Amino acid sequence: MLPSNITKPLIVILGPTGVGKTEFSLRFAEHINGEIISADSRLFYRGMDIGTAKPTEKEMERVVHHLIDVCNPDENWSLALYQEAVNNIVCEIHNRTHVPILVGGTGQYIKAIVDGWDLPAQEPDDHLREILEEIAKEKGKQAIYKILTRMDPQTLTYVEYQNTRRVVRALEVIMRTGKPFSDLRQTRFVPYQIFQIGIKRDRKTLYERIDQRIEHMFVDGFVEEVKALIDQGYGKQVPALSAIGYREVSAYLAGEISMEEALTLMKRYTRQYVRRQANWFKETDPSIHWFDAEKITTKMVMEVIGEEKNWILPKK
């Protein structure tokens, strides 16, 4: 049970891809009777397991997980929908007197929860979206991204040019409201007591871990996973298949690049993604308590939480 000195806690475990969030979050959740809520937008999609480093069945048997495999690759899970789902799940976990633990590296999704973004109720404009997607198809991803950054330079920090779906969505909102997309992220009251745990490694070691993980993906059947998705009708037009790795392997299967090129591009783009994640999770942010991945222990984190929040978390 949750002790009376904690009212609606929410623990967040964040950090760059490949840093070791999964390993620690499992140990920590087991220790405090926690349930894990994914904050990795790639884990929503069924059938996308190897390329997203999704927790294994064995890992998910150890701790209850939420928001993994909640939709098919051709379904769109918006940030607003995610925010609503997380708030509902956190409430359910509290009702069970367990501790909710938000875990992931998708900065926009974590910030929406932690900062309480009041996302605009903007209905999609299918006609405008079709026009924008056609521009992206004819002139390329970089061209439509340049339009967005001219209209709203602040989007450089949180919208990547490869993610055409997000670029189009941002332009759609700007054109319909007449306001910069970045200005629409108003905040509201956050109904939780939040403690953020950041996990870090030195960049050289992190890159080595990422390279090894990607190489293991190919050994574990990543190409076959992508082929199976394509055979099910999930082609290039499906937003989820634009994720790092899936687009490169799709290009390999289409004969556009070699296997070696796909592997090299995956490593390069993942490193770029890590640098973008650093814009969301800064080591100078006083609200994040950073721990070295090589040294972090459950006991160490519990002690810091006790000192900082005066929480006495339950032990399983």
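General observations
- Rg/Rh (Cα only; Kirkwood hydrodynamic radius) as it applies to the chain: 0.96
- Entry note, the chain: relative contact order of 29 percent, from Cα contacts under 8 Å with a spacing of 6+ residues.
- P(r) weight above 19 Å for region 1-111, C-alpha pairs, percent: 43
- Extension gain from residue 294 to residue 59, taking 0.36 nm per residue of separation minus the Cα-Cα distance: 82.6 nm
- Extended-chain gain in nm, criterion 0.36 nm per residue less alpha-carbon gap, residue 89 and residue 309: 76.9 nm
- Folded to 0 to 90 degrees: helix 222-231 orientation relative to the chain principal axis, Cα: 60
- The distance between label points at residue 188 and residue 208 comes to 4.7 nm (points 7 Å beyond Cα on the Cα→Cβ vector).
- Taking the helices alone, the chain has a mean residue ellipticity at 222 nm of -15000 deg cm²/dmol, built from -39,500 (n - 2.57) per DSSP H run of at least 4 residues and averaged over all its residues.
- In this Cβ point-charge picture (+1 for Lys and Arg, -1 for Asp and Glu), the chain has a dipole of about 820 debye about its Cα centre.
- Listed by chain and number, the aspartates and glutamates whose alpha-carbon sits under 15 Å from that of residue 8, ignoring those within fewer than 8 places in the same chain, are 35, 92.
- Between helix 164-177 and the chain: long-axis angle, C-alpha atoms, 0 to 90°, nearest 10: 90
- Kirkwood-based Rg to Rh ratio, region 158-316, C-alpha trace: 1.05
- Subset of 58/227; 21/295; 58/295; 21/282; 137/236 violating a 19 Å alpha-carbon distance limit: 58/227; 58/295
- Neighbour cut-off at most 12 other Cβ (10 Å), DSSP loop, GluC sites (Glu not before Pro), region 1-97: none
- In a simple Cβ point-charge model (Lys, Arg +1; Asp, Glu -1; nothing else charged), region 126-184 has a dipole of about 120 debye relative to its Cα centre.
- Nearest-ten-degree value, helix 21-32 long axis tilted from longest Cα axis of the chain: 30
- Averaging the Cα positions of each part gives two centres, and for region 79-105 and region 236-298 these lie 25 Å apart.
- Approximate spin-label separation residue 282-residue 215, in nm, with each point projected 7 Å along Cα-to-Cβ: 3.6
- For residue 81 and residue 27, the difference between the fully extended length at 0.36 nm per residue and the C-alpha to C-alpha distance is 16.6 nm.
- Legend: Rg and Dmax of region 126-184, from Cα coordinates, 10.3, 29 Å.
Throughout, read-outs are computed from the coordinates displayed, never taken from laboratory work. Here the structure is a predicted model, which is why all the values come from computation and not from measurement. We place every Cβ from the backbone using ideal geometry, glycine too, and count neighbours over all the protein chains shown.
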